Amino acid sequence: EPEVTQTPSHQVTQMGQEVILRCVPISNHLYFYWYRQILGQKVEFLVSFYNNEISEKSEIFDDQFSVERPDGSNFTLKIRSTKLEDSAMYFCASSDRSRVNNQPQHFGDGTRLSIL
Amino acid sequence: AQKITQTQPGMFVQEKEAVTLDCTYDTSDPSYGLFWYKQPSSGEMIFLIYQGSYDQQNATEGRYSLNFQKARKSANLVISASQLGDSAMYFCAMREGIRNTPLVFGKGTRLSVIA
């Protein structure tokens, strides 16, 4: 069964550095998402992406964050000037082209980001 | 106001027994979808089951079923014949509207299955 792939599985970075989290969505999916989960807390939406542009973003997704689809398969989340509070599990998700709301979002296994 | 409320931080169930995990939701949109995800200790998010607001019947997927009570705005997950591998965090989530809008998650319920 096709799956969403995220790399790396764990990223350790010094505070103030930039990180890029990578995702390969399921190949025929057109809607892409990033979520984050701070340890022990609920999953929070960051940004959604469709047709090569951001379709929706949350309050969390400020100028520190950016997303890009550099080629036909990868979807990246860049975090600039990382802070301690950026430490979290970051999930990429994708869903089908259908315009109805019954399509589940398929999640990758996540990247655990640790800021030191 | 919370869009998704899961009132049980933790639940215990005996192996082979059934367990119900509660979820209530809040929306004024007549079109919405409700989802349950499982998160094992390894961290990945696994889609379990979906219920649409216009669905007439409760959703079922193998040992998972959803007790959908629209008037009460509840979408409880029922796991039958619990197995040790069911021990995990379980998240209820909602998508409002008819487009591929983001999911809003509850805080989750940690289920522990006891042998």
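Here, each number is a calculation from the coordinates, and none is a lab measurement. Note that this is a predicted model, so its numbers are computed, not measured. Cβ: placed from backbone, ideal geometry, glycine included. Neighbour counts: every protein chain shown.
Points to keep in mind about this one:
- For peptide A:55-68, the mean count of partner chain Cβ atoms within 10 Å of a residue's Cβ comes to 1.
- Inter-part distance, region A:30-69 to region A:1-29, computed on C-alpha centroids, equals 13 Å.
- For chain B, excluding the exposed loop sites themselves (trypsin sites (Lys or Arg not before Pro), DSSP loop, at most 12 other Cβ atoms within 10 Å), the longest remaining stretch covers B:17-69.
- Using Cβ point charges alone (K and R +1, D and E -1), the dipole size of the protein assembly as shown about the Cα centre works out to roughly 280 debye.
- Amide H contacts of B:Arg63 (H built 1.01 Å from N, under 5 Å, at least 5 apart or other chain): none
- Charge dipole (the protein assembly as shown, unit charges on Cβ, about Cα centre) - positive-most of B:Ile98, A:Val12, B:Gln6: B:Gln6
- Across region B:80-94, coupling constants 3J(HN,Hα) worked out from phi with the 6.51/-1.76/1.60 Karplus curve, θ = phi - 60°, read 9, 6, 4, 10, 4, x, 7, 5, 4, 8, 10, 10, 9, 9, 9 Hz, and Gly and Pro carry x.
- Per-residue mean of C-beta atoms belonging to partner chains within 10 Å, peptide A:37-43: 5
- Taking every alpha-carbon pair under 8 Å whose residues sit at least 6 apart, chain A reaches a relative contact order of 38 percent.
- A P(r) calculated from all alpha carbon pairs of the protein assembly as shown, with 5 Å bins opening at zero, reads 1, 7, 14, 18, 19, 16, 12, 7, 4, 1, 0 percent.
- Loop-resident sites, region B:1-83, for GluC sites (Glu not before Pro), counting at most 14 other Cβ within 10 Å (DSSP): B:Glu15, B:Glu17
- A straight Cα-to-Cα reach below 19 Å connects B:Lys73 with the lysines B:Lys3, B:Lys107, residues fewer than 8 places away in its own chain not being considered.
- log10 of Debye I(q)/I(0), alpha-carbon scatterers only, for region A:43-116 at 0.11, 0.12 Å⁻¹: -0.31, -0.36
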